[in-house]
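Everything below concerns the one structure shown next.
The values are calculated or read from the model by the stated rules, or taken from the named source; none is laboratory data. This one's a predicted model, so the numbers in the text were calculated from it and none came from an experiment. Reconstructed Cβ throughout: ideal geometry from the backbone, glycine too, with neighbour counts over all protein chains shown.
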Amino acid sequence: MMVGSMLIRGGRVIDPKNGVDMVADVLVENGKIAKIEENISAEGMQVIEAAGRVVAPGFIDMHCHLRDPGQEYKEDLISGTKAAARGGFTGVCCMPNTHPVNDNAAVTRYILEKAQWQGSGVHVYPVGAISKGLEGKEMAEIGRMKQAGIIAISDDGRPVANSNLLRLAMQYADYFNVFVMSHSEDKNLVGDGVMNEGFISTKLGLPGITRAAEEVMIARDILVAEAEGKRIHLCHVSTKGGVQLVREAKKRGVRVTAETTPHYIGATDEWVIGYDSNCRVNPPLREESDRQACIAGLVDGTLDCIATDHAPHHQDEKKVEFHIAASGISGFETAFCVSYTELVRAGHMTLPQLIEKMSTKPAQLLGVPGGELTVGAAADIVILDPEKEITVDAEKFVSRGHNTPFHGRTYYGAVLATIVGGRVIDQQY
Amino acid sequence: MIFKRKDLLGLDGVSREEIQEILDNAMTMRQIVRSSNKKTAHLQGKSIVTLFYENSTRTRMSFELASKYMSAAAANISASASSVAKGETLIDTGVTLDQMGTDVIILRHPMSGAPALLAKHVRSSIINAGDGMNEHPTQALLDMLTMQDHIGSLDGIKVAICGDVMHSRVARSNIYGLTTMGAKVVLCAPPTLIPVHIEKLGCTVAPTIEDACEGADVVMGLRIQRERQQKGLFPSVAEYCDNWEITPERVALAKKDALVMHPGPMNRGVEIASSAADSPQSVINQQVESGVAVRMALLYMLTRREA
């Protein structure tokens with residue numbers, strides 16, 4: 001597709017990678033960033049007025065579920081990539097727990113081709129399975145999946161219970177320059193738990209999940225990575241103890257990186273009071289001290305980035321008893337406003353620091369284009385209005401999943417436009 | 001009338017005045033239960049359905065008889081616990097009953113929060129007859145009625161609750177109700193059967209059953225399901241009994257005429273010794289009678305709300 005020139009005029013341009021934070025025009029030519037300067041002539045080109053707005057590298061989500069193939073009634077590659085665009089994402093990593101599982105090159109190719117031909121334009125980076133069928137027994141064909149286009153491996157949704165399989169997968173995947181993303185959870189400690197174990201679970205009479213269920217496996221994952229000298233990325237860290245384990249590991253040089261999600265910095269287990277099944281998620285919403293620890297972890301760099309763990313579900317799977325409700329939150333379309341409100345407006349970090357957590361750092365960890373506004377780089381851009389007040393309305397989500405605990409709540413931070421390769425793929429002006 | 005609720009989902013948040021009103025009405029209703037002509041017109045023209053996703057004998061019978069004594073049209077639905085996940089959804093079942101004209105749906109369900117979910121989606125009043133590990137408010141009300149009969153005011157009395165507190169909806173409802181009425185609730189169980197931070201509900205956890213029973217006005221047992229032992233929560237029934245069984249010796253540490261109570265069904269020789277359950281201090285059988293009276297009172301109050 002031929003892409004003409006475009007001028008994004010007069011916005012506050014923030015590019016943490018290049019230390020840029022200034023009011024300027026951004027000229028896009030041939031899908032790439034051509035110039036960032038003041039007062040670029042707009043003659044003969046498409047102009048996007050960005051005065052009073054923020055122009056930043058598009059967000060990159062290391063962790064989402066697009067449900068395609070197999071669970072298209074929850075989401076598919078079309079609705080999922082549209083929802084990602086609405087949320088300001090220009091690239092997303094989709095987890096392999098589809099039906100069939102993305103544990104072979106054929107499924108990987110299906111995802112990439114469908115995303116390319118029918119998607120919104122958002123880059124889709126499939127994550128392959130560690131084990132065949134996510135069964136935690138035999139390693140999946142990591143080499144062939146890599147050749148087909150996976151970016152990392154994970155059995156997300158399930159832990160790799162067998163520590164030796166994890167160790168072998170780390171060794172083997174490293175040969176193909178693929179890293180492991182770990183869903184750290186001890187299923188025995190989880191038991192029949194459905195929410196965080198604490199006063200609220202006691203009060204509601206819901207079976208609790210001890211933080212140790214997450215922390216035991218984070219510790220295990222770190223120790224195996226340390227012993228092997230390999231890289232590991234920890235998904236959806238939600239506890240104070242988990243953050244501390246990562247902090248200590250980084251201090252002694254372990255090649256560990258970690259993410260947390262907007263819901264762990266924006267919600268707590270108190271939200272479960274009333275049994276709202278939209279608050280059911282795994283790991284569960286924790287307590288205020290955990291929420292604060294996740295924020296502190298992001299601020300001091302212990303947690304590298306914010307990922308959504310976007311997990312859309314059909315309303316039929318949520319309009320049931322809390323115990324049998326599906327776990328997960330549809331997260332693309334609230335990621336920025338929740339993060340901006342809880343982190344920047346709450347005074348924990350600056351907007352450039354937040355953009356680093358949502359754009360720059362994930363691009364670096366994944367080794368993908370984007371995450372920067374360097375001249376010559378792909379024009380993957382998001383335009384934001386940080387001070388715009390938004391009341392979340394799940395019914396208006398582009399995602400098929402309307403499952404969100406943020407529905408009806410008010411936040412700050414609107415995504416106005418998402419641009420991939422110089423093409424506006426979503427616009428909310 | 002102080003009690004103006006559409007539903008009774010639990011005793012959490014129910015005021016002292018509301019509870020007292022229910023107990024006062026129940027005392028009146030008990031006269032009917034005790035009379036030779038158990039028929040009144042309180043619920044004439046009303047339709048009451050019990051919807052039970054768990055087995056129950058006494059709670060369900062108690063509600064059914066309460067409805068019938070007061071001339072309601074009463075019907076029972078038994079759904080198996082497995083149908084919760086596989087069958088019609090709870091909301092659909094509730095809406096269907098609504099359409100048939102029910103006034104009150106009495107729900108027992110293995111999952112905490114199910115009555116709250118149902119109440120949000122139906123017109124009928126919902127009475128929680130036990131949901132998961134959350135609440136069983138009518139049980140706590142009948143317990144309080146029984147205590148009040150023998151002791152008088154509940155203000156300042158000490159109630160020891162011993163057994164599987166973790167999995168007990170009876171414990172939670174009693175903690176809410178009794179503390180609201182001014183009683184002190186002391187819990188005792190193996191540490192693996194005490195839920196975290198339960199003391200934040202306003203009760204205390206005693207180090208031993210002897211401490212719990214010491215000076216108590218009431219010693220209440222809770223059922224210990226044998227599957228808890230199989231799940232590794234304690235090593236054997238014998239060791240459980242050594243440390244936590246309600247025995248006449250332990251009851252002797254309580255006040256002289258302390259009451260021995262149990263919501264039933266009992267596991268004799270596990271959480272309570274027969275010699276304690278069948279002692280003159282035991283009011284376990286009177287709890288059953290109180291149950292019918294409390295449920296009559298509640299059904300009356302919930303259906304009168306609309307008038």
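Here are some notes:
- B:Ala73 meets the stated requirement of being more than 22 Å from the chain's Cα centre (by Cα), among the aliphatic types (A, V, I, L, M) and away from chain A (no Cβ under 14 Å).
- Qualifying residue in the range A:342-352 (condition: over 20 Å from A:Tyr125 (Cβ atoms), touching a residue at least 60 places away in the same chain (Cβ under 8 Å) and in contact with an Asp or Glu (Cβ under 7 Å, 6 or more places away or on another chain)): yes
- For B:Asn55, the conditions (1) outside any helix (DSSP H, G or I); (2) modelled with pLDDT of 95 or more; (3) farther than 17 Å from A:His323 by Cα; (4) not charged (D, E, K, R) are fulfilled apart from (2).
Residues are listed down the side, and each one gets a yes or a no for (1) in contact with a Cys (Cβ under 8 Å, 6 or more places away or on another chain); (2) closer than 21 Å to B:Leu11 by Cβ:
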residue: B:Arg172; (1), (2): no, yes
residue: B:Val186; (1), (2): yes, yes
residue: B:Ala189; (1), (2): yes, yes
residue: B:Val205; (1), (2): yes, yes
residue: B:Asp217; (1), (2): no, yes
residue: B:Ser236; (1), (2): no, no
residue: B:Glu239; (1), (2): no, no
residue: B:Arg268; (1), (2): no, no
residue: B:Ser282; (1), (2): no, no
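- Subset of the range A:187-197 that is touching a helix residue (DSSP H, G or I) at 6+ places or on another chain (Cβ under 6 Å) and buried (at least 19 other Cβ atoms within 10 Å of the Cβ) - its residue that is farthest from the other protein chains (Cβ to nearest Cβ): A:Val190
- Across the range B:216-232, not a single residue is classified as at pLDDT 95 or above, more than 17 Å from the chain's Cα centre (by Cα) and either under 30 Å from B:Leu43 (Cβ atoms) or surrounded by fewer than 19 Cβ atoms within 10 Å (Cβ to Cβ) (or both).
- Matching residues in the range A:253-297 - criterion: being among the hydroxyl-bearing types (Ser, Thr, Tyr) and either part of a helix (DSSP H, G or I) or away from chain B (no Cβ under 14 Å) (or both): A:Thr257, A:Thr260, A:Thr261, A:Tyr264, A:Thr268, A:Ser277, A:Ser289
- Exclusive hit being of a type in the set (S, T, N, Q), over 21 Å from A:Thr308 (Cβ atoms) and out of contact with any Cys (no Cβ under 6 Å at 6 or more places or on another chain), set A:Thr239, A:Thr257, A:Thr202, A:Thr261: A:Thr202
- Among the candidates B:Leu90, B:Leu118, the residue that is within 14 Å of chain A (Cβ to nearest Cβ), hydrophobic (A, V, I, L, M, F, W, C), more than 26 Å from B:Pro263 (Cα to Cα) and buried (at least 17 other Cβ atoms within 10 Å of the Cβ) is uniquely B:Leu90.
- When residues in the range B:31-58 are screened for being closer than 23 Å to B:Glu88 by Cβ and of a type outside the set (Gly, Ala, Ser), 8 of them pass.
- The range B:93-111: number of residues that are within 14 Å of another protein chain (Cβ to nearest Cβ), farther than 21 Å from B:Arg295 by Cα and touching a residue at least 40 places away in the same chain (Cβ under 8 Å): 1
- Yes/no for A:Ala169 being under 30 Å from A:Cys279 (Cβ atoms) and not charged (D, E, K, R): no
- Of the criteria (1) under 18 Å from the mean Cα position of the chain (by Cα); (2) among the polar types (S, T, N, Q); (3) not in a helix (DSSP H, G or I), which one A:Gln353 fails: (3)
- Entirely in the range B:238-307, the helices (runs of 4 or more DSSP H) that have 3 or more residues that are closer than 30 Å to B:Leu8 by Cβ and at pLDDT 95 or above: B:284-304
- Helices (runs of 4 or more DSSP H) enclosed by the range B:123-234 - at least 1 residues per element that are of a type in the set (Ser, Thr, Tyr), more than 24 Å from A:Val190 (Cβ to Cβ) and more than 14 Å from chain A (Cβ to nearest Cβ): B:137-151, B:169-180
- Hits in the range A:322-350 (condition: of a type in the set (Phe, Trp, Tyr) and more than 14 Å from chain B (Cβ to nearest Cβ)): A:Phe332, A:Phe336, A:Tyr340
- Counted as qualifying within the range A:356-429 are the strands (runs of 3 or more DSSP E) with 1 or more residues that are of a type in the set (Phe, Trp, Tyr), namely A:410-420.
- Looking only at residues in the range A:307-321 that are more than 13 Å from chain B (Cβ to nearest Cβ) and assigned to a loop (DSSP other than H, G, I, E, B), the one that is farthest from B:Val122 (Cα to Cα) is A:Ala307.
- Restricting the range A:69-115 to residues that are surrounded by fewer than 24 Cβ atoms within 10 Å (Cβ to Cβ) and among the acidic types (Asp, Glu) leaves a set whose member that is farthest from A:Leu365 (Cα to Cα) is A:Glu72.
- Criterion: under 19 Å from B:Val170 (Cα atoms) and of a type in the set (Lys, Arg) - qualifying residue of B:Arg123, B:Arg60: B:Arg60
- A:Val392 being surrounded by fewer than 21 Cβ atoms within 10 Å (Cβ to Cβ), touching a residue at least 12 places away in the same chain (Cβ under 8 Å) and of a type in the set (A, V, I, L, M, F, W, C): yes
- Single residue of the range A:164-186 satisfying the filter (touching a Lys or Arg at 6+ places or on another chain (Cβ under 6 Å) and touching a residue at least 40 places away in the same chain (Cβ under 8 Å)) that is surrounded by the most Cβ atoms within 10 Å (Cβ to Cβ): A:Met170
- First in the range B:1-13 and outside the structural domain of B:Leu117 (by TED's automatic domain parsing) and modelled with pLDDT under 90, second anywhere and of a type in the set (A, V, I, L, M, F, W, C) and surrounded by fewer than 17 Cβ atoms within 10 Å (Cβ to Cβ), Cβ under 9 Å, 6 or more apart: none
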